[in-house]
Amino acid sequence: MSKSPTIIFLLLLLAPPLSIPSSVAVGARVGGRTEVTDVERNGEIQDLGKFCVQQYNLQLQKKGSQAGTQPLEFSKVVEAQTQVVSGIKYFMKISASGQIYDAEVVVRPWVRAKEMLTFAPSPRSTGD
């Protein structure tokens, strides 16, 4: 009898589970959005907000600063939601340079990748 099924079973049993960020709520449904609690104290969410502002500033620099356009200064993430997709998609409201910006970023922890999808002024335009 072949030992292949037994070996495969043991490998699956002993394989470490995928690392899911702590900001993702337990019991989140695939495709459904989940509110992130205590956003201002969540270091992971705040780091993602900084990442988005840095990416925006890099894009601004690559395009060449338009008249009067200054790089943004990150303040804090004020709201965040997650959605399980092929990774974790974060929807954030970020306070930067006195305004609120909406940002979306996808994190794929198993390949250590993150990508900012959108970054734009929010209809709720004033920050702290």
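Observations on the structure shown:
- The range 93-107, residues that are out of contact with any helix residue (DSSP H, G or I) (no Cβ under 6 Å at 6 or more places or on another chain) and either β-branched (Val, Ile, Thr) or surrounded by 14 or more Cβ atoms within 10 Å (Cβ to Cβ) (or both): 93, 95, 99, 100, 101, 102, 104, 106, 107
- First in the range 32-50 and free of Cβ contacts under 8 Å to residues at least 24 places away in the same chain, second anywhere and surrounded by 11 or more Cβ atoms within 10 Å (Cβ to Cβ) and of a type outside the set (Phe, Trp, Tyr), Cβ under 6 Å, 6 or more apart: 44/21; 44/23
Read the figures in this text as sums done on the coordinates, not as results from a lab. All figures in this text were calculated on a predicted structure; none of them were measured in a lab. Glycine gets a Cβ as well: all are built from the backbone with ideal geometry, and neighbour counts include every protein chain shown.
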